[in-house]
1. Need the failing condition index for S89 against (1) open to solvent by 40 Å² or more (accessible area, probe 1.4 Å); (2) more than 13 Å from the chain's Cα centre (by Cα); (3) not charged (D, E, K, R), just the number.
2. Any residue in segment 113-132 that is in contact (Cβ under 8 Å) with a residue 40 or more places away in the chain and farther than 12 Å from A70 by Cα sitting within a Cβ distance under 8 Å of a residue that is among the polar types (S, T, N, Q) and in a loop (DSSP other than H, G, I, E, B)? List the pairs, counting only those 6 or more apart or interchain.
3. Considering only residues of segment 176-218 that are within 20 Å of Q142 (Cα to Cα) and small (G, A, S), which is most open to solvent (accessible area, probe 1.4 Å)?
4. Which one of these is closer than 20 Å to A11 by Cβ and either open to solvent by 60 Å² or more (accessible area, probe 1.4 Å) or without any contact (Cβ under 8 Å) to a residue 60 or more places away in the chain (or both): S137, S149?
5. Of the residues that sit in segment 165-175 and are assigned to a helix (DSSP H, G or I) and open to solvent by less than 20 Å² (accessible area, probe 1.4 Å), which one is farthest from A134 (Cα to Cα)?
6. On the basis of being out of contact with any Cys (no Cβ under 8 Å at 6 or more places or on another chain) and open to solvent by 20 Å² or more (accessible area, probe 1.4 Å), does G111 make the cut?
7. Show me the strands (runs of 3 or more DSSP E) entirely contained within segment 1-102 in which 1 or more residues are more than 27 Å from D171 (Cα to Cα).
Amino acid sequence: MNRPVVVVVGAGPGVSGSVARRFAREGYDVGLLGIDEDQLLTLAGELEALGATVGHAVVDITDAAATTAAIRRLGEHAGRVDVLHFNPSAFREKDPLELSVPELLEDVALGVGALLTAVQAARPFMTAGGRVTATGSMAADQPWHRAASLGVQKAGLRNLVQSLDATLADDGIRAVSVTVRGTLAKEGPFTPDRVADAIWAAARQGERAWRSEVPYSG
């Protein structure tokens with residue numbers, strides 16, 4: 001049998017990199033989408049050292065055509081996508097009186113809209129048992145006014161994941177967002193590796209007890 005495949009959208013050195021390594025240690029091959037080729041190559045080398053076969057694409061994930069093409073190439077090469085993990089968001093330090101509508105829409109296109117593109121592109125390669133996971137944030141419930149667009153993104157992301165889960169469930173594919181209720185740090189319960197462990201656990205929930213939103217409080 002082919003090894004299972006995880007595709008990480010918005011791959012880089014933080015939580016997304018930790019998610020990729022977590023799945024690689026569990027026997028997954030990995031597809032990476034990101035905007036920084038040096039970061040992707042570094043991460044790919046780490047994953048290959050763990051035994052994974054790795055494909056990567058440098059792409060602006062707000063470019064729907066380019067993102068769709070990249071995910072399709074990864075899916076066609078591997079023949080499957082078992083897990084699609086969505087990580088990106090835009091941090092723009094502007095309060096609601098400073099933030100313009102075009103800026104808000106630009107940020108939402110990255111932090112929410114790109115998930116639609118990614119799932120629609122990956123769906124032909126996903127079968128029963130497939131999973132969509134996303135990195136959520138307490139900003140969905142407790143937004144910081146000085147980064148107003150981030151709270152909108154994370155609330156929208158969680159809402160969209162719930163709709164995806166309801167849409168895909170009849171085909172045996174489930175979606176979940178992990179709401180990180182803390183600040184990422186190099187030590188303690190909110191390291192990227194600990195968050196990745198929570199995402200791994202959320203993806204492996206039992207079908208009967210499935211929740212489309214799982215809080216992680218450390």
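The values are calculated or read from the model by the stated rules, or taken from the named source; none is laboratory data. What you see is a predicted model; the values in this text were computed from it and never measured. Note that we place each Cβ from the backbone using ideal geometry, even for glycine, and neighbour counts take in every protein chain shown. When the accessible area is computed, the model is the full protein with side chains, heavy atoms only, and any ligands, DNA or RNA have been set aside. Shrake-Rupley method; radii C 1.70, N 1.55, O 1.52, S 1.80 Å.
1. Against the list (1) open to solvent by 40 Å² or more (accessible area, probe 1.4 Å); (2) more than 13 Å from the chain's Cα centre (by Cα); (3) not charged (D, E, K, R), S89 comes up short only on (2).
2. From residues that are in contact (Cβ under 8 Å) with a residue 40 or more places away in the chain and farther than 12 Å from A70 by Cα, the pairs are G113/T62; A114/T62.
3. Just the residues of segment 176-218 that are within 20 Å of Q142 (Cα to Cα), to begin with: 176-185, 189-190, 195, 212-218.
Pick out the ones that are also small (G, A, S) and you get 177, 182, 185, 212, 217-218.
On the way: S177: 2, G182: 20, A185: 41, S212: 27, S217: 83, G218: 55 Å².
Top of the filtered list is S217.
4. Numbers: S149 fails: closer than 20 Å to A11 by Cβ.
Matching residue, one of S137, S149: S137.
5. L168
6. Details: out of contact with any Cys (no Cβ under 8 Å at 6 or more places or on another chain): yes; open to solvent by 20 Å² or more (accessible area, probe 1.4 Å): no.
For G111, the condition - out of contact with any Cys (no Cβ under 8 Å at 6 or more places or on another chain) and open to solvent by 20 Å² or more (accessible area, probe 1.4 Å) - is not met.
7. In segment 1-102, 29-34, 54-58 are the strands (runs of 3 or more DSSP E) which contain 1 or more residues that are more than 27 Å from D171 (Cα to Cα).
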